[in-house]
Amino acid sequence: MLVLFKTHKGLAPSQKVSSLYVFDALVRAAHSYVVKHSVVADSTSGKGNAATFLAKIEGIVEGLFEDMISSGAPEAQVSSFIPCPDPSTP
């Protein structure tokens, strides 16, 4: 996991969005496997599985987000804000 994160951080700003697609594909595949096979994370085992992968990636999501925002890539900038409607108003 650390290798993926360090590689992402070392990329040029123009390549960071593509890197996020790689993370997205890996997370989706791991999540699908966990759901289909009812896999659980076992931190006592020396060998990881899809569930432990998901648990570890949770720890770097914020770092990925912060790196993407600070990269200055045009894709990382919010172009407009659409507020969510208040569910209490009819």
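Read-outs: derived from the displayed coordinates by stated rules, not from any lab. In this text, all values refer to a predicted model and were calculated from it rather than measured experimentally. We place every Cβ from the backbone using ideal geometry, glycine too, and count neighbours over all the protein chains shown.
Once volume of the Cα convex hull per residue in Å³ is calculated for the structure shown, the corresponding label among (1) 240; (2) 82; (3) 148 turns out to be (3).
Rounded to the nearest 20 debye, the dipole magnitude of region 2-74 is 240 debye, with +1 charges on Lys and Arg beta carbons, -1 on Asp and Glu beta carbons, and the Cα centre as origin. Taking 0.36 nm per residue of separation and subtracting the Cα-Cα distance, full extension of the segment from residue 66 to residue 24 would add 13.5 nm. Per residue, the average separation of C-alpha pairs within less than 8 Å and at least 6 apart gives region 2-74 a relative contact order of 35 percent.
Of the residues 32, 74, 64, the one whose Cα sits farthest towards the positive end of the charge dipole of region 2-74 is 32 (charges of +1 on Lys and Arg Cβ, -1 on Asp and Glu Cβ, taken about the Cα centre). Comparing mean-square fluctuations of 61, 35, 27 from a GNM of the chain with C-alpha springs under 10 Å, the top value falls on 35. An oblate overall shape is assigned to region 1-52, the ratio a/c of its alpha-carbon gyration tensor axes (a ≥ b ≥ c) being 1.5 or greater and a/b not exceeding b/c.
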